[in-house]
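Below you'll find the structure, written out as structure tokens, and then a few comments.
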Amino acid sequence: MDLSQFSSQPPEAYNSSKKSGMPAAPPPAYQHNPAGYPPTSLNQPVNQGPYTQGPYPGQPAVTVQPVVFVTAAPLANPVPDYLAYSIFTMLCCCFPLGVAALIYSISTRDANFLGQRELAEKNSKMARNLNHTSIGIVLAGVVLLIIIQIVIWASI
């Protein structure tokens, strides 16, 4: 095995000062061709009609529907979201019902912002009912504690 064949030097037959014997042609002129579409000619007639071909034979015409953007505007008269009431019931009354009421209050606020009145009304009613239920449970518990204390004091 001859290690001289594997050296990093070019072979002796290669001469970098010699140029290739092939004639060098200049590169073609730049033609603006956006997105790879075939070049169009202004003198080609384009037929107009419901079933016409494109500017080239065998190429069908493509019709694109316009894009419609629907943006929702916030409600002019927003539905009450009971956010402060929900935070109060979560912290001071019944924690699980307060958390549920808080979630519905935030959902009401989001629906108001997105302009969805029916969803906002539904979430607002649910948040209010959960808040009222939480307050009712706490008041019933306080009344029950007072009655138990009176009964205990009376038995002494």
**Q.** Phi-based couplings in Hz for the range 131-147 (Karplus 6.51, -1.76, 1.60; Gly and Pro marked x)
**A.** 5, 5, 5, 4, 5, x, 5, 5, 5, 5, x, 5, 4, 5, 5, 5, 5
Q. Where does each of Asp81, Asp110 land when they are ordered by accessible area, with a 1.4 Å probe and the largest first?
A. Asp110, Asp81
Q: Take peptides 66-72, 125-131 and line them up by average Cβ neighbours within 10 Å, highest first, as a rough protection proxy.
A: 125-131, 66-72
Q: Find the relative contact order for the range 83-129 and round it to a whole percent, using C-alpha pairs within less than 8 Å whose residues are 6+ positions apart.
A: 33
Q: Starting from the Cα gyration tensor of the range 82-134, multiply each eigenvalue by 5, take the square root, and state the resulting semi-axes largest first in whole Å.
A: 20, 9, 7
Q) When the solvent-accessible surface of protein heavy atoms is calculated with a 1.4 angstrom probe, in what order do Ile103, Ile135 fall, highest first? A) Ile103, Ile135
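The values are calculated or read from the model by the stated rules, or taken from the named source; none is laboratory data. Note that this is a predicted model, so its numbers are computed, not measured. When we count neighbours, we look across all protein chains shown, and the Cβ atoms used for this are built from the backbone with ideal geometry, even at glycine. Accessible surface areas use protein heavy atoms only, side chains included; no ligands, DNA or RNA. Shrake-Rupley method; radii C 1.70, N 1.55, O 1.52, S 1.80 Å.
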